[in-house]
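Data block below; observations after.
Just so it is clear, none of the values below were taken in a lab; they were calculated from the coordinates. Since the model is a prediction, treat every value here as computed from it, not as a measurement. Cβ: placed from backbone, ideal geometry, glycine included. Neighbour counts: every protein chain shown.
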Amino acid sequence: MISAQCPIQFNDVLPASADVVIIGAGIIGITTAWFLAKQGIKVLVCDKGRVAGEQSSRNWGWIRQQGRDEAELPIMMESMALWENLSNDIGVDIGFKREGSLYLCESEAELAHHDHFLSFSKQYGLDSSRLNSKEIKSLLNGSQGRWRHAVHTPSDARAEPSLTVPAIAEACFRQGVIIKEACAVRQLSTTNGHVDGVYTEYGLVKCSTVLCCGGAWSSDLLYQNGLDLPQLSVKASVARTEKSPLIFNGNAAGSGLAFRRRMDGGYTIAMTDFLEVFPTAQSFRQFGAFLPLLRVAHKKLKIRMGTDWKERFLSPRKWTKDDITIFEKNRVLNPVPSNYSLQRMKKVLNDRLPELSNIAIIQSWAGVIDTTPDAVPVMDRSEAIKGLFIATGFSGHGFGIGPAAGKIMAALIQGNDSGHDLSRFRFSRFSDGSRLKLGPSI
Ligand SMILES: Cc1cc2nc3c(=O)[nH]c(=O)nc-3n(C[C@H](O)[C@H](O)[C@H](O)COP(=O)(O)OP(=O)(O)OC[C@H]3O[C@@H](n4cnc5c(N)ncnc54)[C@H](O)[C@@H]3O)c2cc1C
């Protein structure tokens, strides 16, 4: 994964103006830039840290249709088609392989959690189905753990996150996109309710269109211009193993453990039932909005104060264009992975997959997931500020859907039809009194 210690790769001269400024060089920002550049649009991408420094290089690398919210599924299926051609389009092997996703269950009760998804997946033409214990054994190379049931989607895929977004950024650069790392955007400049530029740490860049896709920072950025985005930041710990025997070549999760075969022959592993939340003053203010999600996810969400609680609670949330902001002070979010989580990964691995019990964990890291109160993203234009577009809150599932989300945002920015019903992803759902419908998971 990428951190602030990695050398700056993209350091273009900041232009005085651009057609579109994209704030955030994660998978959403970079894929949007890619689709806009293909149309000859002059795009500037600014990232306070590094391209893919945050979630987009730290995720598990699952590209899954399985288990999606029904409104996300057609978008995710389009994304899969885009992933299929991505390596060819950008000329880099990003480890994309269609090896399937597998949700492994120890009991009928666990299996029942997936009934809702299976009730609609077929009508979209998806190949998801239930497996019995014999089928699980043959798919897991003779291993079976305690798993008696599973849900399997053979057409799901995987790719290497730390390779993917930097490689698309290189392709963008070749298409003429200007990319500036270590360049924070402090706030938007507006006149009469219309965007006319962004204030970066190096000064003003004029533009009439801005896309905010700042991941865990989107809420703080939008707040500078009076917009209120409810957002919860959740820390997730991940590890990778040394090269190991082949159990399953795709993405699998069961008994709280997620494991995904890597291009290098190891596995990316993580706990599915252990996430940490470090509250801020804003978390208390938005507590009500997140209550339904917290009720459902409380078993896996651990509230932590952390040693930096004072800084989190006391640092100012509002600033001027001339202040050094939290964006410059936190170039790349690089939290320390949880020791408890790492130990449990090893324990569950030993217990459920004895074939992998002697393999070593050779690297660990953590990432901060940004989620909304209903755990589905915002993909929309702002009604309050003309020329502002927002794509954020992709929760723990924005990597797979990223290419289609980028294509959608590029279409919206150009005033074109995205080809999808985006009503579930509108920004106004948090403020117009709508009853929120929870998505399947964080
Ligand atoms: C541990 C973990 C596991 C995950 N596993 C999966 C998975 O298997 N499959 C899947 O589909 N998804 C997964 N996800 C989720 C997925 O990684 C994210 O949904 C996705 O990467 C979000 O992309 P993004 O572009 O919105 O945000 P990010 O990748 O977080 O990028 C946002 C960027 O904006 C920049 N930025 C913010 N504010 C400013 C500013 N003011 N000025 C300039 N730059 C700014 C940041 O520096 C950052 O680089 C996982 C996430 C984590 C953390």
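Values computed for the structure shown
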item: Distant-in-sequence amide H partners of Ser441 (H built 1.01 Å from N, under 5 Å); result: none
item: Simple label model, 7 Å out from Cα along Cβ direction - Asp322 to Lys300, nm; result: 4.7 nm
item: Over the range 188-339, relative contact order from alpha-carbon pairs under 8 Å, at least 6 apart, %; result: 17 percent
item: Cα coordinate range in the range 79-209, projected on the principal axes (Å, largest first); result: 62, 36, 28
item: Max mean-square fluctuation residue, GNM over the chain, Cα-Cα springs under 10 Å, options Val165, Val21, Val277; result: Val277
item: Karplus 3J(HN,Hα) series, Hz, for the range 82-88 with 6.51 cos²θ - 1.76 cosθ + 1.60 (x for Gly, Pro); result: 5, 4, 3, 9, 4, 4, 5
item: Three-way shape label, the range 304-357, alpha-carbon gyration tensor, a/c 1.5; result: prolate
item: Greater than 27 Å apart at Cα, pairs in Lys42/Lys321; Lys300/Lys407; Lys97/Lys134; Lys122/Lys407; result: Lys300/Lys407
item: Mean ellipticity per residue at 222 nm, deg cm²/dmol - from DSSP H runs of n ≥ 4 across the chain, formula -39500 (n - 2.57); result: -8500 deg cm²/dmol
item: Prolate/oblate/rounded label for the range 173-223 (Cα gyration tensor, a/c 1.5); result: oblate
item: For the range 20-430: relative contact order, % (alpha-carbon pairs under 8 angstrom, 6 or more apart); result: 24 percent
item: For the chain, projected area of the alpha-carbon convex hull averaged over all directions, nm²; result: 19.6 nm²
item: Placed amide H near Thr200: partners under 5 Å, 5+ positions off or other chain; result: Arg186, Val205
item: Relative contact order %, the range 166-207, counting alpha carbon pairs below 8 Å whose residues are six or more apart; result: 26 percent
item: Two-site FRET efficiency, Lys386 against Ile8, from Cβ-Cβ distance with R₀ of 41 Å, rounded to 0.05; result: 0.80
item: Computed over the range 224-278, Kirkwood Rh from alpha-carbon pairs, angstrom; result: 13.4 Å
item: Residue-by-residue Karplus 3J(HN,Hα) for the range 369-386, coefficients 6.51, -1.76, 1.60, Hz, glycine and proline x; result: 8, 9, 10, 9, x, 10, 6, 10, x, 9, 9, 6, 9, 7, 7, 6, 10, 5
item: Under the Karplus curve 6.51 cos²θ - 1.76 cosθ + 1.60, θ = phi - 60°, whole-Hz ³J(HN,Hα) for the range 66-79, x wherever Gly or Pro sits; result: 4, x, 6, 4, 4, 6, 7, 4, x, 5, 5, 5, 5, 4
